[in-house]
Amino acid sequence: MSNNYEPTLPMDVFERYLTEALQIYAPASPTLRNAMEYSVSTGGKRFRPMLLLTTALFGKGNVEDAFPAAAALEWIHTYSLIHDDLPAMDDDDFRRGKPTTHKQFNEAVAILAGDALLTAAFTMILNQESISYEKRVLLAKALGEAAGPNGMVAGQMNDIEGEEKELSLEQLAAIHQKKTGELIEYALYAGCLLADVPVNATTSLRSYGKHLGLAYQIHNDLKDVLLDTDDSGKEAGRDQVLGKNTYPSLLGVSGAAERLETEIQAAENELEKIRLGADAAVVNVEYLDVLHQLLEYVKIDSGV
Ligand code: GRG
């Protein structure tokens, strides 16, 4: 059965929600509030929220019920970027074409703005009265696992420890899976949980998220070597300066581009699997097209 409507994402409404949520949760200290607002509002793609909201819409969920988890995810992503840019980590001066938070304010304010976004994210999820206590707890628990000491933070630690060492491809993939993949997979998990997506589709969507997470990082590595100025507003060529292990450093540009293509294909296969088993009474199949379109973000013209 075909449908006549184009699936859309209410990103403008979500953007207003993000702004209002910061006003509710931001602290009385104007400096801290300004630093949080500056960091969240400076032009991120909102890729993780888009994934989460698309998944909730696929499951015929109420999209506004998914806003707190999507905003919490964006806040945690933002905190990770603020801390990643600090002098003790990557020491970057620019992000999204603007001064990084510690350059715009100072290091102490940047650390605290990151801490505040991280902690407020959990409060926001747990405060959401429109969903059950059980769902709030599951959302918060999974977010802690994805972002925490066995998730993104572990990936960051392993990444730092791997600098100037030669890692195997398996070790590099494990770092990327934790550092970048966990939050992306969380977006799919949270959308499925909120909208009660059937278990088989949930498994495939999480697997799509895993492949997309790896593709996201390979794409990022490739941009760093292929572009003069990274379109994320960061200085290109930083990975080499920092002695980082990357897909291009291990496989060469063409090998990395091939691996990227393999991950994209695997993600597309998961979407096809869902499409074949989908029951239109339970899910909005059209939103699989949006998940398909979101893969465009990770495609790159490697010129090889
Ligand atoms: C400091 C605990 C801690 C963790 C940092 C995610 C991360 C871990 C560091 C970022 C390093 C990096 C550049 C990873 C590549 C993929 C990635 C997460 C890129 C940035 O995400 P986008 O492209 O950024 O979604 P925007 O600006 O659109 O929000």
**Request:** Along Cα→Cβ, 7 Å out, is where each label goes; now give me the distance between the ones at E272 and D196 in nm to one decimal.
**Result:** 3.2
**Prompt:** Which whole-number value in Å² is the accessible area per residue of the range 11-303, probe 1.4 Å?
**Reply:** 44
**Request:** Name the most mobile residue of H211, H292, H219, meaning the one with the largest mean-square fluctuation, in a Gaussian network model of the chain with Cα contacts below 10 Å.
**Result:** H292
**Request:** Please state the charge dipole magnitude for the chain, taken about the Cα centre, from unit charges on C-beta atoms (+1 on K and R, -1 on D and E), reported in debye and rounded to the nearest 20.
**Result:** 580
**Request:** Show that you can apply the helix-only estimate: for the chain, add -39,500 (n - 2.57) for every DSSP H stretch of four or more residues, divide by all residues, and state [θ] at 222 nm to the nearest 500.
**Result:** -21500 deg cm²/dmol
**Prompt:** Toward the positive end of the charge dipole of the chain, about the Cα centre and with charges on Cβ (Lys, Arg +1; Asp, Glu -1), which of L291, T202, H102 goes farthest?
**Reply:** T202
**Prompt:** Just how far, in whole angstrom, is the range 93-117 from the range 119-135 if you go by their alpha carbon centroids?
**Reply:** 26
**Item:** Across K141/K273; K210/K273; K45/K299, pairs whose alpha-carbon gap is larger than 24 Å
**Value:** K141/K273
**Request:** Among Y17, T246, S132, pick out the residue whose Cα is farthest towards the positive end of the charge dipole of the chain, where Lys and Arg carry +1 and Asp and Glu carry -1 on C-beta, about the Cα centre.
**Result:** S132
**Message:** For a test of the definition: using alpha carbon positions, the gyration tensor, and the 1.5 limit on a/c, classify the chain as rounded, prolate or oblate.
**Reply:** oblate
**Prompt:** Using a cut-off of 17 Å between alpha-carbon atoms, which lysines can reach K165, once sequence neighbours fewer than 8 places away in the same chain are excluded?
**Reply:** K244
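The values are calculated or read from the model by the stated rules, or taken from the named source; none is laboratory data. Keep in mind that this is a model prediction, so the values were computed, not measured. As a convention, Cβ positions derive from the backbone with ideal geometry for all residues, glycine included, and neighbour counts pool all protein chains shown. Remember, those area values only see protein heavy atoms, side chains included, never the ligands or the DNA or RNA. Shrake-Rupley method; radii C 1.70, N 1.55, O 1.52, S 1.80 Å.
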